[in-house]
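In what follows, a single structure is set out as structure tokens and then discussed.
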Amino acid sequence: MDWGAVAAGLLTLAIYSFLYRDNPVYKFAESLLIGLSIGYALVTFWQTAILDKLVYPLFSHGQLLLIVPLLLGLMMFSRFSRRLGWLSRIPLALMIGAGAGSAIPAMLYERTLRQVSNSIQPLVTAGGQFNFSGLVVLVGLLSTLAYFYFSREHKGFLGSFAKIGTYFMMIFFGATFGYTVMSRMSTLIGRVDFLLTDFLHYLK
Amino acid sequence: MRTSSLRLIVLFAVILPLSSFLIASPIIAADSPQTETAWFDRRTLPALIASLVSIAAVLYAVWVIGRKKHLFIREIPGLKAVEEAVGRATEMGTAIVFTPGYGGDIQRPTTIASMNILSNVAEKTASYDCRLIYPTHDPVIMAVAQEVVKEGYIKAGYPDRYNPDDIFYISSSQFGYAAAVDGIISRTRPASVFLLGTFEAESLIMAETGNAIGAIQIAGTDSTIQLAFFIVACDYTLIGEELFAASGYLTNDRVILSTVKAQDILKLLIAVFVLVAVIWSTLNPSSDWWKF
Amino acid sequence: MNNQKIRWTIFASLFAVIVVSYIITLKWRIPTSPSVQKSYDLIESLPPSSMVIVSFDHEASSLPEIQPISYIILRHLFSRNQRVIGMSLFAEGTAIGYQTLNKLAAEYGKKYGEDYVFLGFKPQHISAILGMGESIRQVFPQDYLGNYLAEIPLMSGVENYRQIAAVISLADGDRTVQWIEYTGKKHGLTILGGFTAAMITTYDPYLSSGQLYSAVGGIVGAAEYEGILGLPGKANRALLSQTAAHIFIVLLVIAGNIAYFKRRKGGK
Amino acid sequence: MSSRIPLIVCLVAGLIMFLQYFSAHPVARAMFNQVNDWWQIIFAFTLFVGVAAFMNNSMRAIRRGKERPFKTVSLLALISMPLLAIIGGTKIGSPFLWTFDNLQAPMQATVFSLLAFFVASASFRGFRARNLQATILLVAALIVLLGRMPIMAYLSDTIPELTYWIQDYPSMAARRAILIGIGLGSMTTALRVILGLERTYLRGQ
């Protein structure tokens with residue numbers, strides 16, 4: 001008997017019991033999942049960060065610079081002290097600052113420049129035909145941008161133009177929802193497959 | 001410290017190296033052959049120009065527009081609801097659940113924007129004496145959120161009401177976190193749920209559970225796909241940039257408000273750029289100067 | 001009906017719809033798209049005991065869509081007695097790849113180390129792809145289980161891409177693009193793709209230029225493949241379940257509107 | 001002092017990371033990797049802090065008798081993973097991986113699959129034609145739902161084509177504009193952080 005499949009099957013059903021209502025069986029599965037996943041994270045980070053990036057390079061290869069992150073990491077523990085608690089803000093400031101610094105050009109390039117440049121297409125195709133889709137993109141982009149214009153009340157021309165933008169956004173939201181149904185259903189089909197095949201051995 | 005010395009720091013630390021960098025970069029770029037090891041990577045030139053233009057716009061907005069007496073920002077529907085949401089939780093004597101989503105870490109500006117709203121919500125919950133529960137998947141976010149909430153409680157004048165145990169790390173696994181938040185929502189039955197930050201697939205798992213217990217839900221995210229689910233399942237949704245503007249609107253922070261103005265200036269520039277480029281490409285299909 | 005009861009009804013019906021539609025196997029004759037037929041023909045035309053690399057370039061979350069593809073392609077390979085070198089360019093694909101290979105190899109009575117092998121995962125995928133063109137052993141000195149490649153019978157005589165008949169990349173992102181760009185021209189490797197439905201259009205340009213030999217897309221592609229082989233399996237079932245689920249959701253949207261307009265009429 | 005140092009650290013770290021983006025020089029790349037490694041080390045320590053707080057809370061709850069059985073399950077599960085890893089390693093066939101594969105992973109997959117149910121309940125409730133905008137949302141969703149139905153490829157050419165057109169043009173245009181806004185908002189937020197104008201997290205005391 002495959003005890004793994006039995007355990008997995010029972011836990012699968014325990015999680016599904018939440019769909020009826022919150023209950024002790026779900027709560028048990030939830031508590032187990034929380035505990036296991038925290039433990040798993042501890043092991044993973046111990047191996048990939050502490051051992052591989054700190055302990056081995058520092059003690060086996062003598063990369064002394066690594067004392068800095070070691071100290072910064074230890075400073076995090078000052079949170080448990082009332083007097084020295086502010087020390088933990090130094091590693092936090094380093095992480096926040098470094099993240100913000102790389103975010104500026106990265107965000108501008110990926111989120112802004114690339115999107116602008118990908119939206120530009122000639123309104124007349126090579127064959128001399130009017131490019132209706134291109135016009136739709138142009139109007140959609142500009143009107144949605146108008147919706148995100150905060151400096152003025154949305155009245156008059158700006159108001160109506162921004163309103164067109166909301167229609168485009170609704171198309172986007174609706175289409176995205178419809179588009180993702182397939183992958184969401186796939187996850188359920190995957191579990192049903194597991195239950196019927198590996199747990200109940202109903203299907204081969 | 002404050003403004004004057006801040007400006008000095010900005011001037012020396014940012015403007016000088018950047019401007020010399022900008023002047024020098026085309027020369028360096030023209031001189032050195034494009035190698036994989038150049039000091040200045042020519043492929044990043046568009047990002048560099050965009051960064052400098054943006055930084056200029058932000059500094060202009062903070063120093064010039066920021067001086068104006070009244071900074072107008074259009075109404076954002078979800079924000080009026082924040083007050084209502086806290087009020088309702090107090091009235092009903094229940095808690096508020098606030099969570100930042102699985103997709104973000106502290107590196108992500110969205111998380112910082114979410115923190116600003118959290119700070120405002122914390123001030124309100126402090127003065128109404130309403131419990132604020134903040135589960136997160138990221139221990140760094142937990143640490144920062146504790147600082148933010150503590151500060152909010154101090155600012156509101158009730159430091160003793162702050163309970164660090166209510167701002168906690170719950171699991172690093174996406175669906176461990178989702179299961180835990182679902183459990184918290186269905187057990188504490190909060191009157192209001194705030195889902196603000198970068199969300200992934202867990203968005204709808206949380207939003208539907210919140211909906212099932214009848215909570216007012218205010219969501220906001222920069223994950224475009226999850227926006228669709230929030231729009232369908234939540235009462236109010238801050239769409240993308242609205243989340244960033246919201247933090248200024250709520251805190252009435254002049255700096256944030258003026259940077260929102262800078263964003264508007266840049267949006268105008270982008271609109272003009274797009275129009276010019278579309279006309280240009282229509283008249284001259286072989287051109288591609290607008291390709292990055 | 002109150003909201004809670006409506007929710008329960010919806011949940012129970014969805015579960016029933018999926019389970020029932022998954023149990024049914026339809027013996028329908030699905031028309032085969034040219035790209036799937038081309039993939040089938042290629043594997044069919046390889047001489048027995050050819051070396052094929054199967055790379056699991058996807059994450060666990062897209063497993064439901066990718067797995068039917070990997071199953072049917074591996075079934076085809078093993079039934080034709082081809083030899084399979086498994087690997088992954090995604091950390092998450094590693095365990096999945098190993099388990100999938102073992103499961104299907106067992107079905108066909110294949111032996112690890114003689115008929116198939118799993119090399120494991122390499123980060124920095126571009127340098128891994130490039131490096132294997134020089135020497136596979138350099139990039140993967142050991143297999144996933146820690147055996148040295150020199151000691152694995154299957155790998156004797158396998159130096160680099162020159163001994164490889166084809167690469168099959170099962171991807172939910174753009175990893176296959178890197179296979180195409182870093183091996184295609186230089187080593188003249190034949191590359192097949194297995195993709196999630198969402199990714200198919202991304203690969204259209206590579207298909208039409210011939211850089212990508214052919215592709216099996218989504219569960220539709222997998223079901224077509226199962227159809228050719230006459231082995232209706234997971235994809236056939238999933239195809240029916242997906243269709244049923246989509247119809248169910250459409251009906252729910254319509255029912256929601258009917259309920260809304262009825263209530264509004266009653267309210268007035 | 002206690003409030004100045006974090007601000008300076010933040011500014012310096014931000015500037016360095018900003019500038020390295022524009023360089024392909026090995027020194028810059030190495031520095032970037034260095035900072036990334038540091039980041040992971042600090043993150044791991046922060047994780048220990050978070051886990052310590054979690055265990056602390058659970059122990060206190062157990063002592064108070066609040067939800068005793070469930071907190072005990074969490075704690076035992078938490079401790080068992082590192083223990084299993086120490087005893088049997090983390091390679092294939094180890095009890096650690098068995099636990100992950102047969103307990104944790106299936107539960108995670110199941111929680112993920114709850115989404116299918118919630119997509120269903122949300123689509124019953126969320127697509128009502130209340131006004132023009134809601135109607136557009138409804139129509140777009142219905143067309144794409146039909147177009148994405150796997151067997152639709154055999155039934156009709158128009159609906160799948162229309163679906164692709166919607167996704168590639170009107171929907172994409174709105175998505176791009178949303179992304180542009182997010183890019184700008186992120187940029188100004190990050191800039192405020194580096195310049196010390198945004199320091200909710202560093203204030204206090």
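Condition check ((1) within 7 Å of chain D (Cβ to nearest Cβ); (2) farther than 20 Å from B:Asp182 by Cβ; (3) touching a residue at least 12 places away in the same chain (Cβ under 8 Å)) across all residues:
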{"position": "A:Val25", "(1), (2), (3)": "no, no, no"}
{"position": "A:Phe28", "(1), (2), (3)": "yes, no, yes"}
{"position": "A:Leu32", "(1), (2), (3)": "yes, no, yes"}
{"position": "A:Gly39", "(1), (2), (3)": "yes, yes, no"}
{"position": "A:Ala49", "(1), (2), (3)": "yes, yes, no"}
{"position": "A:Tyr56", "(1), (2), (3)": "no, yes, no"}
Identify the single condition in (1) more than 13 Å from every other protein chain (Cβ to nearest Cβ); (2) surrounded by 14 or more Cβ atoms within 10 Å (Cβ to Cβ) that C:Tyr71 does not satisfy, given that it satisfies every other one. (1)
Can you say whether D:Gln104 is in a helix (DSSP H, G or I) and either under 22 Å from the mean Cα position of the chain (by Cα) or closer than 30 Å to A:Phe172 by Cβ (or both), as far as the supplied structure shows? yes
Could you please find all residues in segment B:132-149 being outside any helix (DSSP H, G or I), closer than 16 Å to D:Val49 by Cα and β-branched (Val, Ile, Thr)? B:Thr136
Scan segment C:173-185 and give yes if some residue there is within 14 Å of chain A (Cβ to nearest Cβ), surrounded by 13 or more Cβ atoms within 10 Å (Cβ to Cβ) and either without any contact (Cβ under 8 Å) to a residue 12 or more places away in the chain or not acidic (Asp, Glu) (or both), otherwise no. yes
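Table: residues versus (1) within 8 Å of chain A (Cβ to nearest Cβ); (2) crowded, with 18+ Cβ neighbours inside 10 Å; (3) at positive phi; (4) charged (D, E, K, R).
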{"residue": "D:Tyr21", "(1), (2), (3), (4)": "yes, yes, no, no"}
{"residue": "D:Asn33", "(1), (2), (3), (4)": "no, no, no, no"}
{"residue": "D:Trp38", "(1), (2), (3), (4)": "yes, yes, no, no"}
{"residue": "D:Ala53", "(1), (2), (3), (4)": "no, yes, no, no"}
{"residue": "D:Met59", "(1), (2), (3), (4)": "no, no, no, no"}
{"residue": "D:Gly65", "(1), (2), (3), (4)": "no, no, yes, no"}
{"residue": "D:Arg68", "(1), (2), (3), (4)": "no, no, no, yes"}
{"residue": "D:Pro82", "(1), (2), (3), (4)": "yes, no, no, no"}
{"residue": "D:Lys91", "(1), (2), (3), (4)": "no, no, no, yes"}
Which one of these does B:Gln217 not meet: (1) more than 10 Å from every other protein chain (Cβ to nearest Cβ); (2) closer than 23 Å to A:Ser151 by Cα; (3) polar (S, T, N, Q)? (2)
Those residues of segment C:235-268 which are buried (at least 24 other Cβ atoms within 10 Å of the Cβ) and of a type in the set (Lys, Arg) amount to C:Arg237
Collect the residues in segment B:150-171 that are part of a helix (DSSP H, G or I) and surrounded by 24 or more Cβ atoms within 10 Å (Cβ to Cβ), keeping them in residue-number order. B:Gly152
In segment D:195-202, is there at least one residue being of a type in the set (Gly, Ala, Ser) and at the interface with chain A (Cβ under 7 Å from one of its Cβ atoms)? no
When you go through C:Ala215, C:Ala223, C:Ala198, C:Ala259 one by one, which is the residue that is within 29 Å of D:Ala129 (Cβ to Cβ) and within 17 Å of the chain's Cα centre (by Cα)? C:Ala198
Can you confirm whether C:Thr32 is farther than 30 Å from C:His125 by Cβ, at pLDDT below 95 and polar (S, T, N, Q)? yes
Of all residues in segment B:267-288, which are more than 9 Å from every other protein chain (Cβ to nearest Cβ) and touching a residue at least 12 places away in the same chain (Cβ under 8 Å)? B:Leu269
Would you check which residues across segment B:220-231 are in contact (Cβ under 8 Å) with a residue 24 or more places away in the chain, facing chain D (nearest Cβ under 8 Å) and either over 20 Å from B:Leu79 (Cα atoms) or assigned to a helix (DSSP H, G or I) (or both) and list them? B:Phe229
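The values are calculated or read from the model by the stated rules, or taken from the named source; none is laboratory data. All values reported here derive from a predicted model rather than from experimental measurement. With ideal geometry, Cβ positions are generated from the backbone for all residues, glycine too; neighbour counts draw on all protein chains shown.
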